[in-house]
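> Take this structure first; my questions come after.
The values are calculated or read from the model by the stated rules, or taken from the named source; none is laboratory data. Treat the numbers as computed from the prediction; the structure is a model and nothing was measured. Positions of Cβ are backbone-derived with ideal geometry, glycine not excepted, and every protein chain shown enters the neighbour counts. Quick note on the areas: whole protein, heavy atoms, side chains included, nothing else; ligands and nucleic acids left out. Shrake-Rupley method; radii C 1.70, N 1.55, O 1.52, S 1.80 Å.
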Amino acid sequence: MTKRTERGQRRQAENGAGPTLAHLVEPMLAGMSTTRQHLLAWVHAHGLAALDELFREEAVALAGPKGRHQPQRTHHHWGTAATELTFGGRRVQVRRPRVRRRAGGEATLPSVATFRTRDPLTARMMQQLLAGVSMRHYEGSLEARPSGRPTRGSSKSAVSRTVVRRTRQRLQEYLARRLDGLEMVALFMDGVVVAHQTAIVVLGITRDGGKVPLGLRLGSTENAVVCTELLQDLLARGLTLDGRVLWVIDGGKGLRKALGDVFGDTAVIQRCQLHKARNLDALIPQPRQAYVRTSLRRAYRAPSAAAARRQLTALATWLERNGHADAAASMREGLEETLTVLKLGLPPTLRRFFATTNCIENLIGTVRHVTRNIKRWRNGDMRRRWIGLGLLRAAERFRRIKRHGELDGLVTALGAANLLERAA
């Protein structure tokens, strides 16, 4: 038998086995789907029945059993009323017993009061929207509704109203909260463009290594006016920066000017080394980009600021001699501020962390992910709400920075006098 014949027979056997396997799998999948539907219906039925029983027991506890004379009773039964509770991502209407006080006024059942203080519906909506489900398709993303019970709150308009109200409230509470008592050792400041509008964000690093979004401001660009307003708002809300504090920025002139105007010499600036490398890549031809990136990486990993300064100055001279005057000027511009982490003598892990704006870029990436499905931006309030939602989402996932136990060394280095002269 030839190899071609063997391959043909093997292919025929495989083709013949395909439909057989499909016929075996299809009933299994159908059975799993049917079982899931029946199980969900069973959970709905027994869950609502248990809720009805709970209401009846609480009514009896307050007003006593129906049809029995009790001279000492303080409450009495008063029929039933419809009550809406959150169930399966929507509002489900259930009947509950009414209980009135003999002195007048209706008494609220303890379980009803507990359910009303919680808001799982908004949490479910936010979870679905952050997962990429649009408001239009929110109803279809939920499990089947309980049979025989009126429901509401899952339509597009209802979801929109709930989300707008809740996000506006949460954002207002978060961005207006007092910042007293937060001990910051470093802060990151950067901007993100959402729907053709720039949002300036400030992220703080606490003494114990925690990450805390502090403020948000919308503007046309990263200009000094918007950045100054944001920084002044942080101070008005009680942010206290004792002594020098490290600020990590991408090198934007507006950000740099605002920090100088508001904090003066107490703001120790670290320019992002990755942004500097990207700026040089845009100014030199592609064949020489690898050499420049390697030279930058070697300089920023130098054991001291003086050694790094010599290597970067030599690189700027090489660029100038090879006809890249603009790249050489960009290399010299802000050179000292890219070496701040070396001047501070930080441990290797903290040096890498504070040398770039990757920390706040992670937060900005979350903002972009949260806003990715918005196709029609109506106004600035909508932008602010969704950007704020991204900040809150990122804050929920934050972890403390690596080697946060070494941050005391950063505080000590920032407190030392004549920083620039000492590291020269």
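> Taking Y291, is it within 15 Å of R352 (Cα to Cα), of a type in the set (F, W, Y) and either open to solvent by 60 Å² or more (accessible area, probe 1.4 Å) or touching a helix residue (DSSP H, G or I) at 6+ places or on another chain (Cβ under 9 Å) (or both)?
Criteria not met by Y291.
> V341 versus (1) open to solvent by 30 Å² or more (accessible area, probe 1.4 Å); (2) in contact with a Phe, Trp or Tyr (Cβ under 6 Å, 6 or more places away or on another chain): which is the lone unmet condition?
So the condition that V341 fails would be (1).
> Could you tell me whether the stretch 364-373 includes any residue that is within 21 Å of A302 (Cβ to Cβ) and modelled with pLDDT of 90 or more?
For the stretch 364-373, residues within 21 Å of A302 (Cβ to Cβ) and modelled with pLDDT of 90 or more: absent.
> Looking only at residues that are exposed (fewer than 13 other Cβ atoms within 10 Å of the Cβ) and among the small types (G, A, S) in the stretch 49-77, which one is farthest from Q128 (Cα to Cα)?
G67
> Out of I374, I387, report the one residue that is open to solvent by 30 Å² or more (accessible area, probe 1.4 Å), among the β-branched types (V, I, T) and over 26 Å from D208 (Cβ atoms).
Going through I374, I387 in turn, the sole match is I374.
> As an exercise: evaluate N379 against (1) within 21 Å of I200 (Cβ to Cβ); (2) of a type outside the set (G, A, S); (3) buried (at least 17 other Cβ atoms within 10 Å of the Cβ) and give the number of the one condition it does not meet.
It fails just one condition, (3).
> Give the stretch 168-183 a look and list any residue that's open to solvent by 70 Å² or more (accessible area, probe 1.4 Å) and within 30 Å of E406 (Cα to Cα), or say none.
Result: R178, D180, G181, E183.
> Determine, yes or no, whether G18 is modelled with pLDDT of 85 or more and not aliphatic (A, V, I, L, M).
Taking the combined requirement at face value, the residue does not satisfy it.
> For the stretch 351-363: of the residues being touching a helix residue (DSSP H, G or I) at 6+ places or on another chain (Cβ under 6 Å) and crowded, with 22+ Cβ neighbours inside 10 Å, which is modelled with the lowest pLDDT?
So, considering only residues that are touching a helix residue (DSSP H, G or I) at 6+ places or on another chain (Cβ under 6 Å) and crowded, with 22+ Cβ neighbours inside 10 Å, the one modelled with the lowest pLDDT is L363.
> Same structure, new question: Inside the stretch 298-329, can you point out the residues that are touching a residue at least 12 places away in the same chain (Cβ under 8 Å), of a type in the set (K, R) and surrounded by fewer than 19 Cβ atoms within 10 Å (Cβ to Cβ)?
Passing the criteria: only R298.
> Could you check, for the stretch 116-136, whether at least one of its residues is touching a residue at least 60 places away in the same chain (Cβ under 8 Å), over 30 Å from G64 (Cα atoms) and either open to solvent by 70 Å² or more (accessible area, probe 1.4 Å) or of a type in the set (S, T, Y) (or both)?
Yes: one or more hits.
> Restricting attention to the stretch 99-109, does a residue exist that is open to solvent by less than 40 Å² (accessible area, probe 1.4 Å) and in a strand (DSSP E or B)?
Checked against the condition, which is being open to solvent by less than 40 Å² (accessible area, probe 1.4 Å) and in a strand (DSSP E or B), the stretch 99-109 yields at least one hit.
> Additional query: Which of the residues that make up the stretch 78-98 are of a type in the set (S, T, Y) and surrounded by fewer than 16 Cβ atoms within 10 Å (Cβ to Cβ)?
Scanning the stretch 78-98 gives a single hit, T80.
> Among the residues in the stretch 229-243, are any under 30 Å from R351 (Cα atoms), open to solvent by 70 Å² or more (accessible area, probe 1.4 Å) and hydrophobic (A, V, I, L, M, F, W, C)?
yes
> In the stretch 268-283, which residues are surrounded by fewer than 20 Cβ atoms within 10 Å (Cβ to Cβ), in contact with a helix residue (DSSP H, G or I) (Cβ under 8 Å, 6 or more places away or on another chain) and either free of Cβ contacts under 8 Å to residues at least 40 places away in the same chain or over 29 Å from A413 (Cα atoms) (or both)?
Answer for the stretch 268-283, where residues must be surrounded by fewer than 20 Cβ atoms within 10 Å (Cβ to Cβ), in contact with a helix residue (DSSP H, G or I) (Cβ under 8 Å, 6 or more places away or on another chain) and either free of Cβ contacts under 8 Å to residues at least 40 places away in the same chain or over 29 Å from A413 (Cα atoms) (or both): A277, N279, D281, L283.
Every residue, every condition in (1) over 30 Å from G415 (Cβ atoms); (2) open to solvent by less than 40 Å² (accessible area, probe 1.4 Å); (3) of a type in the set (S, T, N, Q), yes or no:
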position	(1), (2), (3)
S157	yes, no, yes
V163	yes, yes, no
R166	yes, no, no
V185	no, yes, no
V192	yes, yes, no
V201	no, yes, no
